[in-house]
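Take a look at the structure set out below.
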Amino acid sequence: MNKEIKIPESQVVTENQQEVVLQLSITADVMYFQGHFPNAPVLPGVVLLDWAVQFAQRYFPFFSAHVMEVQALKFQKVIHPNSQVILNLNKSGDNKVVFRYHSCEGLHGAGRLLF
């Protein structure tokens, strides 16, 4: 990703060498809701993907700065303003992170990042 997308406020729920679980507060003033869509704002999937990359690089700093491939990317439920979402990051092997966004509404999105 060329341009860094600002990540939301987060609180670590669990952190170890293999897994990080974060609680994200996605407030209505997050700029990515603007224009997507005016009367029914939802968080764009590309933002969720970029946040997963940025958090993976923050908590697993041995990964290179570049994502080589994104696999099994799927978005199931939209995220609306003023949501509390959990992001699970699981290190898999030497160069892979599996991510999942979920809340009380269910699974919002998931995928694998290859660094």
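Each reported figure results from applying straightforward, stated rules to the coordinates on display, with no laboratory input. Here the structure is a predicted model, which means the values were calculated and not measured. Every residue, glycine as well, gets a Cβ built from its backbone with ideal geometry; the counts of neighbours run over all protein chains shown.
May I ask you to derive the relative contact order of the chain, considering only C-alpha pairs under 8 Å and at least 6 residues apart, and to give it as an integer percent?
Numbers: 212 pairs, mean separation 31.8, N = 115.
With pairs under 8 Å counted, the relative contact order is 28 percent.
Which of these values of P(r) over Cα pairs in 10 Å bins from 0, in percent was calculated from the structure shown: (i) 11, 23, 14, 7, 7, 13, 18, 6, 0; (ii) 12, 33, 24, 15, 7, 5, 3, 1, 0, 0; (iii) 14, 48, 32, 5, 0?
Matching the structure shown: (iii).
At 222 nm, what helix-only mean residue ellipticity would the chain give, in deg cm²/dmol to the nearest 500, using -39500 (n - 2.57) for each DSSP H run of four or more?
Calculated at 222 nm, the ellipticity per residue is -4500 deg cm²/dmol.
Could you give the angle, 0 to 90 degrees to the nearest 10, between helix 45-59's Cα long axis and the longest principal axis of the Cα atoms of the chain?
40 degrees
Net charge around residue 60, counting only other residues with Cβ within less than 13 Å of its Cβ (Lys, Arg = +1; Asp, Glu = -1)? Don't skip to the end; give the middle numbers.
On the way: positive: 58, 91, 96; negative: 15, 19, 94.
Here the charged neighbours net out to 0.
If you take every residue apart from residue 71 with its C-beta less than 13 Å away from the C-beta of residue 71, what net charge results, scoring Lys and Arg +1 and Asp and Glu -1? Please list the in-between numbers first.
Numbers: positive: 74, 96, 112; negative: 69.
Around residue 71, the charge tally is +2.
Give me the net charge of residue 89's neighbourhood, meaning all other residues with Cβ under 9 Å from the Cβ of residue 89; Lys, Arg count +1, Asp, Glu -1. Write out the running numbers ahead of the final one.
Values: positive: 91, 100; negative: 19.
My count for the surroundings of residue 89 gives +1.
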